[in-house]
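J.: My questions all concern the structure below.
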Amino acid sequence: MRRYRFPSSVVLLALAVVRPAYAEDFPTISPQQLPSALQAQWVRDRPDLGRYGHCAAAFDSQIDGAKMAWSCAIYVRLSAQGKRLAMKLCGERAALLKVNSPCKLVVEP
């Protein structure tokens, strides 16, 4: 029985093609781009996030607090889990508050 060996370039190409299938690329925003009320919330929540926690925000107005959605996922075991949960909670809150802009993960540069 003859065994076939794939060239390493084929294996690397296959891995590059498979990777995006399970990777989630959420839109991001830096804390400096948030409205001042959400920046203050970021400062309060940032120490509690730990290693894997994440926050997400959506806002239609820079000054109207009723048009801002904010959520954080804390006490999670994986960073990807924190991202998904923060985006899910933000989406639910944005729908409740009727915020039209999409939720974005808050990421420090």
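One line per residue, one yes/no per condition, for (1) among the hydroxyl-bearing types (Ser, Thr, Tyr); (2) at pLDDT 95 or above; (3) in contact with a Gly (Cβ under 9 Å, 6 or more places away or on another chain); (4) not in a loop (DSSP other than H, G, I, E, B):
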position	(1), (2), (3), (4)
21	no, no, no, yes
32	no, yes, no, yes
40	no, yes, no, yes
44	no, yes, no, yes
61	yes, no, no, no
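J.: Among the residues of the stretch 53-80, write down those that are under 12 Å from the mean Cα position of the chain (by Cα) and small (Gly, Ala, Ser).
T.: 53, 56, 57, 58, 71, 73, 79, 80
J.: Related question: Got a sec? Which of 102, 109 is surrounded by fewer than 12 Cβ atoms within 10 Å (Cβ to Cβ) and of a type outside the set (Gly, Ala, Ser)?
T.: Testing whether each residue is surrounded by fewer than 12 Cβ atoms within 10 Å (Cβ to Cβ) and of a type outside the set (Gly, Ala, Ser) leaves just 109.
J.: Moving on to the next point. Can you say whether residue 71 is under 22 Å from residue 32 (Cβ atoms), at pLDDT 95 or above and buried (at least 18 other Cβ atoms within 10 Å of the Cβ), as far as the supplied structure shows?
T.: yes
J.: Something else: So which pairs qualify, if the first residue must be in the stretch 51-77 and within 13 Å of residue 92 (Cα to Cα), the second must be assigned to a strand (DSSP E or B) and among the acidic types (Asp, Glu), the Cβ gap must be under 6 Å, and the two must be at least 6 apart or on different chains?
T.: Note: no pairs meet the criteria.
The values are calculated or read from the model by the stated rules, or taken from the named source; none is laboratory data. Quantities reported herein were computed from a predicted structural model and do not represent experimental measurements. Positions of Cβ are generated from backbone atoms using ideal geometry, with glycine treated the same way; all protein chains shown enter the neighbour counts.
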